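Asker: Structure provided below as structure tokens; questions to follow.
The values are calculated or read from the model by the stated rules, or taken from the named source; none is laboratory data. If you're wondering where the values come from, they're calculated on a predicted model, not measured in any experiment. Note that we place each Cβ from the backbone using ideal geometry, even for glycine, and neighbour counts take in every protein chain shown.
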């Protein structure tokens, strides 16, 4: 399976996040999976790539040209394939098209945006790929609370919680990706409007 890992590019985050995501990368390869990611060399992104590389797995990085041209962030220099589109929108599309499943590791604005876009596309029945939020150190507890609040206030249908799972356990994460459960829902079951 080709697994897309979304996550932070920041080099200044708690080293425990780095360690856990490097372990995630190694476990991906041990289970026969390859990595699709945002092509960054630092933070959680770099950690996923290092874990996959160290275990001998395949890495597809996707990072816009301007990241390199304008020194936005360090590029991963050991991808097996590196695609450099012109825009962020193209980047996300290439990552989506080349992935069979998605892991949302701890990250910032870009990671939040990637998560909500891939979740929205699943809500609109544009794909049915598994999405798992990797909740290292409870990082996404507030996001889960926000989703629950939005459901209670009728902004989101409760069924939308079936579109992704959250775990802080690495073995459970892979079980959720490799053995997805749940029924296929229609747009009308997932969205008002």
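Asker: How about region 35-48: which of its residues are more than 11 Å from residue 9 (Cα to Cα) and either surrounded by fewer than 24 Cβ atoms within 10 Å (Cβ to Cβ) or over 13 Å from the mean Cα position of the chain (by Cα) (or both)?
Answerer: none
Asker: Still on this structure, I have one more. Name the residue, out of 61, 57, 51, that is in a loop (DSSP other than H, G, I, E, B) and within 18 Å of the chain's Cα centre (by Cα). Talk me through it step by step, then tell me what you get.
Answerer: Values: 61 fails: in a loop (DSSP other than H, G, I, E, B); 51 fails: in a loop (DSSP other than H, G, I, E, B).
After applying the criteria, what remains is 57.
Asker: Applying the selection to region 152-186, what residues are modelled with pLDDT of 95 or more, closer than 29 Å to residue 23 by Cα and in a loop (DSSP other than H, G, I, E, B)?
Answerer: 164, 168, 169
Asker: I've got another one for you. Assess whether residue 46 counts as being part of a strand (DSSP E or B) and within 25 Å of residue 134 (Cα to Cα).
Answerer: Values: part of a strand (DSSP E or B): no; within 25 Å of residue 134 (Cα to Cα): yes.
Taking the combined requirement at face value, the residue does not satisfy it.
Asker: Could you please find all residues in region 29-42 being without any contact (Cβ under 8 Å) to a residue 60 or more places away in the chain and under 23 Å from residue 83 (Cβ atoms)? I'd like the intermediate steps shown before the answer.
Answerer: Taking region 29-42 as the starting set, the residues that turn out to be without any contact (Cβ under 8 Å) to a residue 60 or more places away in the chain are 29-30, 32-35, 37, 39-42.
Matches in region 29-42: 29, 32, 33, 34, 35, 37, 39, 40, 41, 42.
Asker: Restricting to region 94-104, what's the tally of residues that are without any contact (Cβ under 8 Å) to a residue 60 or more places away in the chain and surrounded by 15 or more Cβ atoms within 10 Å (Cβ to Cβ)?
Answerer: From region 94-104, those without any contact (Cβ under 8 Å) to a residue 60 or more places away in the chain are 94, 97; that's our starting set.
From what is left, the residues that are surrounded by 15 or more Cβ atoms within 10 Å (Cβ to Cβ) are 94.
Total meeting the criteria: 1.
Asker: Test each condition in (1) touching a residue at least 60 places away in the same chain (Cβ under 8 Å); (2) exposed (fewer than 15 other Cβ atoms within 10 Å of the Cβ) for residue 107 and report the one that comes out false.
Answerer: (2)
Asker: With respect to residue 157, determine if the residue is out of contact with any strand residue (DSSP E or B) (no Cβ under 7 Å at 6 or more places or on another chain) and surrounded by 13 or more Cβ atoms within 10 Å (Cβ to Cβ). So that I can check it myself, show each step before the final result.
Answerer: Working: out of contact with any strand residue (DSSP E or B) (no Cβ under 7 Å at 6 or more places or on another chain): yes; surrounded by 13 or more Cβ atoms within 10 Å (Cβ to Cβ): yes.
Yes; evaluated as a whole, the condition is true for this residue.
Asker: Let me ask something else about it. Please verify whether region 15-34 includes one or more residues that are within 13 Å of the chain's Cα centre (by Cα), part of a helix (DSSP H, G or I) and farther than 25 Å from residue 142 by Cβ.
Answerer: Quick first cut of region 15-34, residues within 13 Å of the chain's Cα centre (by Cα) only: 21, 24-25.
Next, from what is left, pick out any that are part of a helix (DSSP H, G or I): 21, 24-25.
Next, from what is left, pick out any that are farther than 25 Å from residue 142 by Cβ: 25.
Yes, because at least one residue in region 15-34 is within 13 Å of the chain's Cα centre (by Cα), part of a helix (DSSP H, G or I) and farther than 25 Å from residue 142 by Cβ.
Asker: crowded, with 18+ Cβ neighbours inside 10 Å and over 20 Å from residue 21 (Cα atoms): does that describe residue 91?
Answerer: Working: crowded, with 18+ Cβ neighbours inside 10 Å: yes; over 20 Å from residue 21 (Cα atoms): yes.
Yes, satisfied.
Asker: Which ones in region 66-80 are surrounded by 13 or more Cβ atoms within 10 Å (Cβ to Cβ) and over 21 Å from residue 30 (Cβ atoms)?
Answerer: Selection gives 66, 67, 68, 72, 73, 74, 75.
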